[in-house]
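Worksheet: one structure, shown below.
The values are calculated or read from the model by the stated rules, or taken from the named source; none is laboratory data. Predicted model, so just to flag it, every value in this text is computed and none were measured. All Cβ positions, glycine included, derive from the backbone under ideal geometry; neighbour counts span all protein chains shown. Side chains included, ligands, DNA and RNA excluded: accessible areas come from the protein's heavy atoms. Shrake-Rupley method; radii C 1.70, N 1.55, O 1.52, S 1.80 Å.
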Amino acid sequence: MSENNEETTTIGARLKAARTAKGLTIDDLQQITKIQKRYLIAIEDEQFDKLPGDFYVRAFVKQYAETVDLDGNALLEEYRDQLPSVHTETIVENVDEVQPSRVASREQPASPASRVRNYLPTIIVTAIVVLILLFIWFMAVRTHAGSSSSTSADSSSVQVSSSKKQSSSSKASSSAKSSSKASSAKEQTIKANGSSDTAYTLTNGADKNKVVIKSTKAAWTSVTTNGTQTWQGTLKADGSHTLTLPSNATTVKFQFGNATATTVTINGKAFNFNPKNSTSQVRTITLTIK
């Protein structure tokens, strides 16, 4: 009896069961995936005609599945008969009124609009890939510029220190000792604001703090600096993302869609934003930089 139930389980019911098992609501899922709530409900009810198009049906189903720890590709293959095909043909109503004769239909070539419509999914996918590559390139250039600036500043400090040593050896020795004491005293710390487990303060950080976000499972994360979104995206299992905060950053807000599976390091040091071992997956953490 249980085998028959498994065979007849629909894709909507299976996704809903996986979501419920993870303790997620539709609102939680909307916040993590950024898919509108009405589309998520339509997927669970298998009312695929309410989604923007056939391509988005498969894309949204796959993203839904991976967010609730299911294999998206395997699920699409298993339920391919229940899902609409990406390349669908246009059905014309009132065929007798608009359809030309059979001879004319065979001789008439496909219109440019039809050819564009057939290639539209491919164009959309290509555009998304190009945007992702441009984003990666932009972040790489930004990170490289930050590290180059830091290296240049260090070089300038060495040259100035060398010049002072040549002019006065005694003053250079005294400066080196005080600099050593100052660097040992200014160690980076991150402390909670009172008894709060959602608000923290970073002191003695870098001029441009380097943040690395990692996740052991699929997890959506957003980083907002001084009220402006710096980055947001969904990490795959065992994925990571590195970003450099601007030098004028004073307030950083982290939003985690799967907090228990996510870790953060700042300038190579772990940021323990969950010291009380909260089991809540969706969390918002505020970090003040001084």
If we keep only residues of segment 29-77 that are of a type in the set (Val, Ile, Thr) and open to solvent by less than 60 Å² (accessible area, probe 1.4 Å), then the residue modelled with the lowest pLDDT is Val57
Within segment 119-148, residues of a type in the set (Phe, Trp, Tyr) and more than 21 Å from Phe55 (Cβ to Cβ) come out as Phe135, Trp137, Phe138
Over segment 197-255, the set of residues over 20 Å from the mean Cα position of the chain (by Cα) and among the aromatic types (Phe, Trp, Tyr) is Tyr200
For segment 213-230, the count of residues that are open to solvent by less than 70 Å² (accessible area, probe 1.4 Å), over 13 Å from Val252 (Cα atoms), at pLDDT 85 or above and in contact with a strand residue (DSSP E or B) (Cβ under 6 Å, 6 or more places away or on another chain) equals 3
Restricting segment 42-78 to residues that are part of a loop (DSSP other than H, G, I, E, B), out of contact with any Ser or Thr (no Cβ under 8 Å at 6 or more places or on another chain) and not β-branched (Val, Ile, Thr), the one farthest from Asp238 (Cα to Cα) turns out to be Gln47
Over segment 10-41, the set of residues among the aliphatic types (A, V, I, L, M), outside any loop (DSSP other than H, G, I, E, B) and under 24 Å from the mean Cα position of the chain (by Cα) is Leu15, Ala18, Ala21, Ile26, Leu29, Ile32, Leu40, Ile41
In segment 260-290, residues that are of a type in the set (Val, Ile, Thr), part of a loop (DSSP other than H, G, I, E, B) and exposed (fewer than 15 other Cβ atoms within 10 Å of the Cβ) total 1
Filtering segment 231-246 for residues that are open to solvent by 50 Å² or more (accessible area, probe 1.4 Å), out of contact with any helix residue (DSSP H, G or I) (no Cβ under 9 Å at 6 or more places or on another chain) and not in a strand (DSSP E or B) leaves a count of 1
For segment 218-276, the count of residues that are aliphatic (A, V, I, L, M) and closer than 17 Å to Thr143 by Cα equals 5
Within segment 193-211, restricting to residues that are in a strand (DSSP E or B) and surrounded by fewer than 16 Cβ atoms within 10 Å (Cβ to Cβ), the one that is modelled with the lowest pLDDT is Thr201
